[in-house]
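The values are calculated or read from the model by the stated rules, or taken from the named source; none is laboratory data. The model shown is predicted, which means the values in this text are computed figures rather than measured ones. We place every Cβ from the backbone using ideal geometry, glycine too, and count neighbours over all the protein chains shown. Keep in mind that these areas ignore ligands, DNA and RNA; they rest on the heavy atoms of the full protein, side chains included. Shrake-Rupley method; radii C 1.70, N 1.55, O 1.52, S 1.80 Å.
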Amino acid sequence: MKPAVLFQNVSRHFGAVRAVDAVDLAVAEGEFFAMLGPSGSGKTTCLRLMAGFEQPTNGHIEIFGETAEGVPPYKRSVNTVFQDYALFPHLNILDNVAYGLMVKGVGREERRKAAEDALAMVKLPGYGARRPGQLSGGQRQRVALARALVNKPKVLLLDEPLGALDLKLREQMQEELKSLQKTLGITFVFVTHDQGEALSMADRIAVFNDGKIQQLGTPEEVYNQPKTRFVADFVGSSNVLPPEFVAGLGASSQFASLRPEAIMLGGSSDGRLTLKGTVLSRSFLGSANRVTVNVNGTKLHVMSPATTAIPPEGDAVTLSFHREDLHLMEAAS
Amino acid sequence: MHSDRSAPLGLKIAAAAGLLFLHLPILLIFLYAFTTEDKSYQFPPPGLTLQWFAVTWNRPDVWQALSLSVRVASISTAIALVLGTLCAAAVSQTRFFGREAISLLVILPIALPGIITGIALRSAFSFADIPFSFWTIVLGHATFCIVVVYNNAVARFRRVSGSLMEASMDLGANGFQTFRHVILPNIGTALLAGGMLAFALSFDEVIVTTFTGGQQSTLPIWMLQELIRPRQRPVTNVVAMIVVIVTFLPILAAYYLTRDGDQIAGSGK
């Protein structure tokens, strides 16, 4: 099967800035693919390369087996949901949604029906006569989704679509997007800087930094087995242990990551590794306590269930964790 | 912000006096269009008559000047609409070396005194051996008409977010369709307003025209010449009334068009 989107050694340079630097990736058909990274990491430029708003400086891009270089956005079978939604302010909601069909020359009645169906799909039936300015942010985002989906794209590109929504709405939209993608079976490529969003929604995640993909894998792989210090740090808030510390634990002298929730307060006898330290600070997060412990000058964050008693600050404490939770990382970055 | 407090009486009187000083002379012009005395401006007019409207109607020189003015204003405006829009699009939508400088150079003709523009164009025309004609007047007027269109269009372009154009392309519209269905509806009122202002500016322009017009007379220049000869003076007043109406209506319309446009364009972000 041909990948939905294929990047082979793709670079996009803006003058001396390498926004995207020799990126290889293959998005499978029907996949929910997330591109995760901080701002300026190249994830949005990758999305714009897929949409056709940017052309690669080097490399080769294919969309469903067809070469994409030099093909303008309006000749690609992909559609985009923009970060600022980019609804046309001079058109009502129905005409906004029907825009893609209108420029393709679909008849008035047919495109009205298709647009109304699309609005019903995003749970905004009967909103057709309103103007974008009369809608809330969440509603505008649904309209933007309907406007893209009405064209039956082979790949839907989403550029931080939930960034402007408040937390409650964002969680609701995450679920809806996920179920929409399952129902339609369309390939979704999703750009986000929110690791929680990427972990909960995506089938696979590409973690970007400095124009390069740091790691590409399932959410579990990226979270539990970060390949580089950047991934360990950016995806979640892993403890990054320096080589000399790791060597002291009996492993090879390499950087390693250790998830805060993998560490337990108190020693144990079931073969877990133990460390001794002093409590530096603690904060109550509702379902858990976040405790910072100083172990021979290295700060370790521990996520402890709220039911476990926490020793006061300054007290000595024993920590323990399973050997296999210590994850060795590549030397680079 | 509206203040609920009533202004002091002295301020009200001063404001009224200021407005009267500005507008009374214009009313006097209207009044003398109806006077029976045609040699001098005698106050009060000895009698009122409508005969000067008929006289004006039958004067071929008035028609010639009016026709020239309308044609010059129309064509200058048309040129300004095309060039001003293109320039505004380039300056607001793209980044290139010298963008700020170009923006300044485009606005310069309206900041320069008309007499400078006039002398510069006249010497340029004679240097290039271009005889004065209808087109030299149009060229002269286009220099400042472009500025008006450009200023209106560039302000609106800035509010049309770039992602609107990308969204249109993304949804399958080519460049022409994007211009027709997205850009034009969003900048249309600004162009109409700019075009009307440009038309009004061109219609009553005197200084640049005297340098670039040669022997031809646009309406304002014809009026200037008429004032020197005391023959059928009220005809000038009748024409002045028409000029006021012809230039005032488009400016008023332009004002209302751009005011309404704010709400439409503002929701794009």
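Do we have any residue at all in the stretch A:290-307 that's in a strand (DSSP E or B), modelled with pLDDT of 85 or more and more than 26 Å from A:V235 (Cβ to Cβ)? Can you show your working first?
Our first condition is that a residue be in a strand (DSSP E or B); within the stretch A:290-307, this holds for A:290-295, A:298-305.
Next, only the ones that are modelled with pLDDT of 85 or more stay: A:290-295, A:298-305.
Restricting the remaining residues to those that are more than 26 Å from A:V235 (Cβ to Cβ) gives none.
No, the stretch A:290-307 contains no residue that is in a strand (DSSP E or B), modelled with pLDDT of 85 or more and more than 26 Å from A:V235 (Cβ to Cβ).
Of everything listed in (1) open to solvent by 20 Å² or more (accessible area, probe 1.4 Å); (2) touching a residue at least 12 places away in the same chain (Cβ under 8 Å); (3) at the interface with another protein chain (Cβ under 10 Å from one of its Cβ atoms); (4) not small (G, A, S), the single unmet condition for A:H90 is (2).
Take the stretch A:28-44 and flag every residue that is assigned to a strand (DSSP E or B) and either open to solvent by 50 Å² or more (accessible area, probe 1.4 Å) or out of contact with any Leu (no Cβ under 8 Å at 6 or more places or on another chain) (or both). Walk me through how you get there before you give the answer.
Applying the first criterion (assigned to a strand (DSSP E or B)) to the stretch A:28-44 yields A:32-36.
Once the filter is applied, which keeps residues that are assigned to a strand (DSSP E or B) and either open to solvent by 50 Å² or more (accessible area, probe 1.4 Å) or out of contact with any Leu (no Cβ under 8 Å at 6 or more places or on another chain) (or both), the stretch A:28-44 yields A:F32, A:F33, A:A34, A:L36.
Looking at A:E261, A:E313, just one residue is open to solvent by 70 Å² or more (accessible area, probe 1.4 Å), more than 28 Å from A:G217 (Cβ to Cβ) and at pLDDT 85 or above, and that residue is A:E313. Close contacts from the stretch A:275-290, counting a first residue that is touching a residue at least 24 places away in the same chain (Cβ under 8 Å) and of a type in the set (V, I, T) and a second that is open to solvent by 100 Å² or more (accessible area, probe 1.4 Å) and not in a strand (DSSP E or B), with Cβ to Cβ under 9 Å and a gap of 6+ residues or different chains, come to A:T278/A:E313; A:V279/A:E313. Evaluated against (1) in a loop (DSSP other than H, G, I, E, B); (2) out of contact with any strand residue (DSSP E or B) (no Cβ under 8 Å at 6 or more places or on another chain), A:A247 falls short on exactly one condition, (1). Quick one: in the stretch A:117-135, of everything that is surrounded by 20 or more Cβ atoms within 10 Å (Cβ to Cβ) and assigned to a helix (DSSP H, G or I), which residue is farthest from the other protein chains (Cβ to nearest Cβ)? The qualifying residue farthest from the other protein chains (Cβ to nearest Cβ) is A:L119.
You will find that of A:A198, A:A232, the residue that is touching a residue at least 40 places away in the same chain (Cβ under 8 Å), in contact with a His (Cβ under 9 Å, 6 or more places away or on another chain) and assigned to a helix (DSSP H, G or I) is A:A232 and no other. Among the conditions (1) closer than 25 Å to A:V317 by Cβ; (2) not in a strand (DSSP E or B), A:V279 misses just one, which is (2).
Annotation note: of A:D270, A:D203, A:D210, the sole residue that is open to solvent by 50 Å² or more (accessible area, probe 1.4 Å), farther than 30 Å from A:M121 by Cα and within 17 Å of the chain's Cα centre (by Cα) is A:D210.
Does A:A144 fit the bill of being more than 12 Å from chain B (Cβ to nearest Cβ), at pLDDT 90 or above and in a helix (DSSP H, G or I)? No, not satisfied.
If you take just the helices (runs of 4 or more DSSP H) that sit entirely in the stretch B:152-243, which of them hold at least 1 residues that are touching a residue at least 60 places away in the same chain (Cβ under 8 Å) and facing chain A (nearest Cβ under 9 Å)? Fully inside the stretch B:152-243 and qualifying: B:162-170, B:184-203.
The number of residues in the stretch A:1-12 being surrounded by 15 or more Cβ atoms within 10 Å (Cβ to Cβ) and within 22 Å of A:F230 (Cβ to Cβ) comes to 4.
If you go through the stretch A:45-66 one residue at a time, do you hit one that is within 14 Å of chain B (Cβ to nearest Cβ), in a strand (DSSP E or B) and hydrophobic (A, V, I, L, M, F, W, C)? Explain how you work it out, then say what you get.
Taking the stretch A:45-66 as the starting set, the residues that turn out to be within 14 Å of chain B (Cβ to nearest Cβ) are A:45, A:47-55, A:63.
Narrowing the set further to residues that are in a strand (DSSP E or B) leaves A:63.
Restricting the remaining residues to those that are hydrophobic (A, V, I, L, M, F, W, C) gives A:63.
The answer is yes; a qualifying residue exists.
Restricting attention to the stretch A:67-86, the residues being in contact (Cβ under 8 Å) with a residue 60 or more places away in the chain, hydrophobic (A, V, I, L, M, F, W, C), more than 8 Å from every other protein chain (Cβ to nearest Cβ) and not in a strand (DSSP E or B) number 0.
Kindly provide the set of residues from the stretch B:31-45 that are among the hydrophobic types (A, V, I, L, M, F, W, C) and open to solvent by 50 Å² or more (accessible area, probe 1.4 Å), ordered by number. Of everything in the stretch B:31-45, those that are among the hydrophobic types (A, V, I, L, M, F, W, C) and open to solvent by 50 Å² or more (accessible area, probe 1.4 Å) turn out to be B:L31, B:F34, B:F43.
Rundown of residues vs (1) touching a strand residue (DSSP E or B) at 6+ places or on another chain (Cβ under 8 Å); (2) modelled with pLDDT of 95 or more; (3) buried (at least 22 other Cβ atoms within 10 Å of the Cβ); (4) closer than 24 Å to A:V17 by Cβ, yes/no style:
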residue	(1), (2), (3), (4)
A:T57	yes, no, no, yes
A:E62	yes, no, no, no
A:A68	yes, no, yes, yes
A:Y74	no, no, no, no
A:F82	yes, no, yes, yes
A:A86	no, no, yes, no
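Among the criteria (1) of a type outside the set (D, E); (2) in a helix (DSSP H, G or I); (3) open to solvent by 20 Å² or more (accessible area, probe 1.4 Å); (4) within 12 Å of chain B (Cβ to nearest Cβ), the one A:A98 does not fulfil is (3).
Kindly indicate which of B:G172, B:G188, B:G162 is modelled with pLDDT of 90 or more and surrounded by fewer than 24 Cβ atoms within 10 Å (Cβ to Cβ).
On the way: B:G188 fails: modelled with pLDDT of 90 or more; B:G162 fails: modelled with pLDDT of 90 or more.
From the options B:G172, B:G188, B:G162, the qualifying one is B:G172.
Quick check on the stretch A:1-22. Is at least one of its residues within 14 Å of chain B (Cβ to nearest Cβ), under 21 Å from the mean Cα position of the chain (by Cα), β-branched (V, I, T) and not in a loop (DSSP other than H, G, I, E, B)? Checking the stretch A:1-22: not a single residue is within 14 Å of chain B (Cβ to nearest Cβ), under 21 Å from the mean Cα position of the chain (by Cα), β-branched (V, I, T) and not in a loop (DSSP other than H, G, I, E, B).
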